[in-house]
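Right, one structure below, let's go through it.
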Amino acid sequence: MSRSNIELQKITVASENCVLHITYTGSGSSLLLMIPGGHGLGSNYHAVLPRLANSTKYTVATYDRRGHGESRFTPSGEEINETMNPAQSARDILAVIRHFGFEKADIFGTSMGGVIAFQFAIQFPQHVEKLIAHESPTMTLLPGEEGTKWIDWAFSVFRTYKTAGPKKAMVEFLSMTVGWKATSSGAGADIPPPQSEDEIEMDRDHLFWFENEYTLSVFTPNLLELKRHLVGKYKDTLSVAVTVGKNSGDAPYAKTTYVHEEILSCQHHMWPGGHLLYLVDPQGFVKVFLDTLEKLERKQ
């Protein structure tokens, strides 16, 4: 593949009074779209895009989600400051896919990006070929007292944000992480989360997430509807896998993947590393990601 095909390119598309900023590379005949998690920035995937585009099959794209990064303005230049609407987020994905001239895409979403990916497949199953969701925090699905515990915890963090500020809330939020920065070799698994506000760095996108998206951490897409797609009309055209990091242990966002597998009767893959594998170990991420994509191919 020529160098020009692996350089990152940028384009924009308007979607429901937001100018979405897209980064892409490659010129393959299939589209692979990477949905950012809570930080909302497509740049978190920039290190993996060229590696994925080395497969001639894909045009690989990501974008700053609505309200984040460069996608924070309306067409008239006003800054977006509104509560996240998951259904609208799904329509943003469709706008990106159609802007590339595709009718279908392979979709990857991590953390909150996985929740949005689920919602997209529920609303628009005809536009999805394969979907991979990594450690999506649908904690309301956890059984019994555990689910209630994590709902209470989520709103406790938001109360801390409102009463004591974002840095203190972030320390509380990160206290539940396990193996957050583990690589595919397991390195970094023992790095503890920040213990004090002095260790926390907050940018505009973290603040936007807390103010406008954080309470959506308890939003759970209708996975029973997605299951109906998988066994009904779209059973031969739509396939789903959920993935969990080996070093994510018993973190709630890891446990939810087993509930996703149970509800959807879909593939479940354990990847090496942790929640941020794509960021801390791009090469290791691409290896296991492409392996999972291959296993999702129909009629193996």
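Each value in this text was obtained by applying a stated rule to the coordinates, not by laboratory testing. What you are looking at is a predicted structure, and each value in this text was computed from that prediction instead of being measured. Heads up, the Cβs are rebuilt from the backbone with ideal geometry, glycines too, and the neighbour counts pull from every protein chain shown.
Here are some notes:
- Using C-alpha pairs below 8 Å separated by at least 6 residues, the relative contact order for the chain is 18 percent.
- FRET efficiency estimate (nearest 0.05) - Cβ-Cβ, Asn17 to Thr140, R0 22 angstrom: 0.15
- Sorted on the mean count of surrounding Cβ atoms within 10 Å across their residues, most packed first, peptides 73-79, 243-249, 43-49 read 243-249, 43-49, 73-79.
- Taking a Cβ cut-off of under 13 Å around Glu261, the surrounding Lys, Arg, Asp and Glu residues balance to a net charge of 0, with basic ones at +1 and acidic ones at -1.
- Per-residue Cβ neighbour rank within 10 angstrom, fewest leading, Leu290, Leu264, Leu277: Leu290, Leu264, Leu277
- Extended-chain gain in nm, criterion 0.36 nm per residue less alpha-carbon gap, Asn54 and Phe124: 22.4 nm
- Spin-label zone in the range 254-282 - amide nitrogen under 17 Å from a point set 7 Å from the Cα of Lys149 along the C-beta vector: 254-259
- Full extension of the chain between Gln9 and Ser27 gives 5.4 nm of extra length, using 0.36 nm per residue less the Cα-Cα distance.
- Under 17 Å of direct C-alpha separation, and excluding same-chain neighbours fewer than eight residues apart, Lys149 reaches these lysines: Lys255.
- Counting beta carbons within 10 Å around each of Asp92, Asp190 and listing the fewest first gives the order Asp190, Asp92.
- For a straight C-alpha distance cut-off of 21 angstrom, the lysines reachable from Lys295 (same-chain residues fewer than eight places away being disregarded) are Lys57, Lys104, Lys130, Lys227, Lys235, Lys246, Lys287.
- Cβ charges +1 (Lys, Arg) and -1 (Asp, Glu), total dipole of the range 3-295, debye: 760
- Taking θ as phi - 60° and the Karplus parameters 6.51, -1.76 and 1.60, the scalar couplings of the range 204-221 work out to 4, 6, 4, 5, 4, 4, 4, 6, 10, 10, 4, 5, 6, 5, 9, 6, 10, x Hz in sequence order, x denoting glycine and proline.
- Here the simple spin-label model places points 7 Å from the Cα toward Cβ, and for Ile263 and Thr74 these points are separated by 3.4 nm.
- Taking a ≥ b ≥ c as the square roots of the eigenvalues of the alpha-carbon gyration tensor, the range 198-300 is classed oblate because a/c is 1.5 or more while a/b is no larger than b/c.
- Antiparallel content of DSSP bridges confined to the chain, in %, to 5: 30
- Label-point separation in nm, Gln195 to Ala87, each point 7 Å along Cα→Cβ: 4.7
- Each residue of the range 58-63 was assigned a 3J(HN,Hα) from its phi angle through the Karplus expression (A = 6.51, B = -1.76, C = 1.60, θ = phi - 60°), giving 10, 8, 10, 9, 9, 7 Hz with x at Gly and Pro.
- Neighbourhood net charge (14 Å Cβ-Cβ; Lys/Arg +1, Asp/Glu -1) for Glu78: -1
- The share of C-alpha pairs in the range 187-237 whose separation exceeds 18 Å stands at 65 percent.
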